[in-house]
Each structure stands twice: as structure tokens, then as C-alpha cells.
Amino acid sequence: SNQATSEKIHERYKDLSKVEDAFRTFKTGHLETRPFYVRSEESTRGHVFVVMLAYRLERELYRSWRELNLTVEEGIDELGSLRGVELEINKTMCQRIPNPTGINKLLLDAADIRLPNVLPCRKIHVATRKNIASERKKI
């Protein structure tokens, strides 16, 4: 018979619900796919691809941290308190990464993440919020 069982129909409905939830997450919260102004199809595709990767990472962190009784956003905010210490060894700059403690250790262990001991210094400024309006061409 070509008819689907009620269990199969229910499974497909739950899958649709997950897809709708994913798109809702893309459009709101800390993943916001909009408003983001891009000028080319390639840039739009790149932006959506990065947001999809971020969503996948968010789902993985949610799965890893669900027993810790905090949201993914709260966990990421906690991890933001980790700071490296700049060192100069034989005229080469690097950052020493301290051993995480407390909630940071719990978060990293739950996600099975191991931090390196040192990172090279690259003197690169990374901004998480960009003033997009100032970069747009005036019409």
C-alpha cells in the first residue's frame, strides 16, 4: 500500500516543526539573518551559509549543555570571560591560554572542547558588531 502510517505522518510533521523552529532562530535572537545589507548574490549566499553554520554550532552546544541548566547564549557569554595573556618569547609574541576553571571548565568539558596552551599574536582587531550604515554607499 502507498499510504503512510499515522506514525510516519507524525514523524514528518515533527520534522517540519524543527525546520520552522530553525528558520525562526535564523531570523531572531543572536543569529539574526536580517537586517543585513549585502550587495551581491554571492555575499548573500555567504552570509546565509555562515548563519547556517552558526545555527548548527548552536544546536550542538545546546545538545552538549542541556544538563547544565543554561542557554547557549548564556554559555557563550560565560566563555567570553576567558582571556589570554600576551607573552614575548625570543622576540616572538604569543598568547598564553589559562586553564579554564569553574563554569568555563564545565562548558568546555561538556562540549568536549580542548583549548590550546598558546596562540600566536596577530594584532588583528575583531569586531562582532559592525556599523553597516557607515559603510553603505550614499544614494
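Rg/Rh, computed from the Cα trace of segment 49-106 with Rh as the Kirkwood radius, has the value 1.13. Between the amide H of Q95 and those of L87, L119, C121, distances stay under 5 Å, these residues lying 5 or more places away or on another chain, with hydrogens modeled in the peptide plane. Summing Lys and Arg as +1 and Asp and Glu as -1 over all other residues whose Cβ lies under 15 Å from the Cβ of L70 gives a net charge of -4. Accessible-area rank, largest first, for S81, S40: S81, S40, with all protein chains present and a 1.4 angstrom probe.
The values are calculated or read from the model by the stated rules, or taken from the named source; none is laboratory data. This is a predicted model, so every value here is computed, not measured. As a convention, Cβ positions derive from the backbone with ideal geometry for all residues, glycine included, and neighbour counts pool all protein chains shown. Remember, those area values only see protein heavy atoms, side chains included, never the ligands or the DNA or RNA. Shrake-Rupley method; radii C 1.70, N 1.55, O 1.52, S 1.80 Å.
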